[in-house]
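The values are calculated or read from the model by the stated rules, or taken from the named source; none is laboratory data. Worth saying up front: this structure is predicted, and the values here are computed from it rather than measured. All Cβ positions, even for glycine, are placed from backbone atoms using ideal geometry, and neighbour counts span all protein chains on display.
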Amino acid sequence: MKVRLARTAGFCMGVRLAMEKVLAEANKAEDPIYTFGPLIHNRQVMKLLESKGVRTVETMEGIRAGTVVIRAHGIPPGERKALKATGLRIIDATCPRVARVQAIVRSHTRKGYTAVIVGEREHAEVIGLRGYAEGPVHVIDRVEDVEALPGDEPLVAVAQTTQDAGIFEEIRQAIQERNPDALIFDTICDATQNRQAEVSSFAGHVDGMVVVGGFHSGNTRRLVQVSESAGIPTFHVETEEELDREALALMGTVGVTAGASTPNWMIKNVVRELERIRSPKDSRFSQAVLRNLLRIFLFGHIWVGLGAFSLTHAATLLAGRPPDLVHPSMAALYIWAMHVLNRFLDRGASTYNEPDQAQFYSSHRTRLVITGLGAVAVALMLAWTLGITVMVAMAGVSLLGIVYGIPIVPVRRRNRWQAAKIKDVPGSKTLAESLAWGVVIALIPLLENGGTAWSGVTVSFFFVLAVVYVRSALFDIFEVQGDMIVGIETLPVTIGERRTMQLLKSVLAGCGALLLGAGLLGAVPSIAYYLLLCVISLALTIHTYETRWLYPGLRLETLVEANLILAGLVGLAWQPAS
Ligand code: SF4
């Protein structure tokens, strides 16, 4: 079955920020954490938060210690004041867009305007907004309600951020007709508008639509309505188990979207299940075969091994050394083995980030561990052929690679040292991985006999470091939700996705400048110019993700890995000047 995933599916900015704040706290706090009402309308996520000590309460009565989280919908100022008086620690996770609407209501009612809120009277966000009105306030949700609004008072109207855009437009026109001086702010969040617009745009392009999200989630239910009113047969599910496989098997292409509180791993589970359904329109050797192949290459880290081989070939040429097969093979085996073995130490996060991959690992566990250890042994044998110093260095790096992922701080000292493993040091994962690649690919060959120009080695080391750093950080971004849940402080978990993206763009810009500058100065062979292609293709990959052309999954991850293989292809195509 062909699946079209909506670019707007998944956590919106407000939910993501709230989850980040709560999980950051839950992963380090020993005291309980309370949220007023469910943090988000998703039962599976709430269950997971509960397992991490986050409790949902309706009142703070009797609670003497802990942390209270103000959820994304916000609360009225009176409740906020009462919370402060309890002396409990407060984390404000009010969505910035909701906070803006609160500010509009407060500032205008202060000036004497009567507030009109277009939304659901009992919705937590609307209850919060009502509290910010310092004067009369009316809540309406139908165009007929406009008749009952006062005609002779200055009015300020706002919308609940998840309000239906069509209904709000009707109400806006009706208010303006009745009261031309009324101030009307369209405060519907663009995350909601874009999501609904994208669902409508699927009409005519898909045979059915699956909407993933909580049955109690207002914005998810609205997506279902939008899809149905666009004439698309629609299925609302919370998990993949609820998919109507019989009905879906009759469809050729199915669209998938998700509410603002649906995490990536739940969307991935649904997409994976849908892709397994064979529809009558599928040809025998259709995409299913290709998908299975991609799956084996990605989950089995075969792309990583090929990428390491390719990058080593390119780095060898960039350093001005003659190409050979031993160095790329040694690097590929070592890097492949480290990826496979480290995945077994990281099973907690992969359960959320990549459920399909976690399943792949548990069914091929023995085979993967044995081949991983075998690959390290063969890499060491290859290193031996290059000299004893090279072999000792490779053994040292292999040992570091294993120590990196296992607890080294004794249990009794863990109170003082937050990090039990080197991997737990915030942001260390991406740097450690790229350093390991850089050392194995560019620096270890320096230990061999025979002169290698330092300028070439330095440029090739920083080229490998930059390319692998961007590759690893991109995977960290794709896996940020699972890493947050299990408390792995990767770069995006520590500094946020936006800053990580800025950093990656700067790294790529620096890498491009280095290749260009070194090429112009004659410090490295002319392959430096051709390797700029890899820098550009990585920048395009970032763009593909940022514009949501591809969603994290088989295709996007394969694209990221392809950038490293491209380096090898550039090396093969490049002809040194004679
Ligand atoms: S839907 Fe918009 S307003 Fe509501 S939490 Fe998400 S980003 Fe904030």
For this session: Go through (1) out of contact with any helix residue (DSSP H, G or I) (no Cβ under 8 Å at 6 or more places or on another chain); (2) farther than 25 Å from residue 493 by Cβ one by one and return the number of the condition residue 75 breaks.
Result: (1)
For this session: Report the residue count in region 159-181 for those that are assigned to a loop (DSSP other than H, G, I, E, B) and surrounded by fewer than 19 Cβ atoms within 10 Å (Cβ to Cβ).
Result: 2
Exercise. Taking the condition in the same structural domain as residue 433 (by TED's automatic domain parsing), under 30 Å from residue 44 (Cβ atoms) and either aromatic (Phe, Trp, Tyr) or at pLDDT below 80 (or both), does residue 334 pass?
Worked result: no
For this session: Go through region 256-274 residue by residue and tally those that are closer than 18 Å to residue 45 by Cβ and charged (D, E, K, R).
Result: 1
Problem set entry | Residues of region 182-202 that turn out to be part of a helix (DSSP H, G or I), away from the ligand (no atom under 16 Å from the Cβ) and in contact with a strand residue (DSSP E or B) (Cβ under 6 Å, 6 or more places away or on another chain), as a count | 0
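Every residue, every condition in (1) of a type outside the set (Lys, Arg); (2) within 16 Å of the ligand (Cβ to nearest atom); (3) touching a Cys at 6+ places or on another chain (Cβ under 9 Å), yes or no:
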| site | (1), (2), (3) |
| --- | --- |
| 96 | yes, yes, no |
| 110 | no, no, no |
| 113 | yes, no, no |
| 140 | yes, no, no |
| 153 | yes, no, no |
| 164 | yes, yes, no |
Exercise. Residue 540: within 15 Å of the chain's Cα centre (by Cα) and aliphatic (A, V, I, L, M), yes or no?
Worked result: no
Exercise. Hey, among the residues in region 26-46 that are more than 13 Å from the ligand (Cβ to nearest atom) and of a type in the set (Val, Ile, Thr), which one's modelled with the highest pLDDT?
Worked result: 33
Problem set entry | Filter result (basic (Lys, Arg) and part of a loop (DSSP other than H, G, I, E, B)) within region 57-96 | 64, 71
Seminar exercise, completed: Note: among 208, 204, just one is of a type outside the set (A, V, I, L, M), assigned by TED's automatic domain parsing to the domain that holds residue 261 and buried (at least 21 other Cβ atoms within 10 Å of the Cβ), namely 208
Exercise. Taking residue 4, is it surrounded by fewer than 16 Cβ atoms within 10 Å (Cβ to Cβ), on the phi < 0 side of the Ramachandran plot, away from the ligand (no atom under 16 Å from the Cβ) and under 19 Å from the mean Cα position of the chain (by Cα)?
Worked result: yes
Problem set entry | Flag for residue 81 being more than 16 Å from the ligand (Cβ to nearest atom) and in contact with a strand residue (DSSP E or B) (Cβ under 6 Å, 6 or more places away or on another chain) | no
Exercise. Within the group 17, 23, which residue is assigned to a helix (DSSP H, G or I) and either among the β-branched types (Val, Ile, Thr) or more than 16 Å from the ligand (Cβ to nearest atom) (or both)?
Worked result: 23
Exercise. Looking at (1) more than 17 Å from residue 157 (Cβ to Cβ); (2) of a type outside the set (Phe, Trp, Tyr); (3) within 16 Å of the ligand (Cβ to nearest atom), can you tell me which one residue 104 breaks?
Worked result: (1)
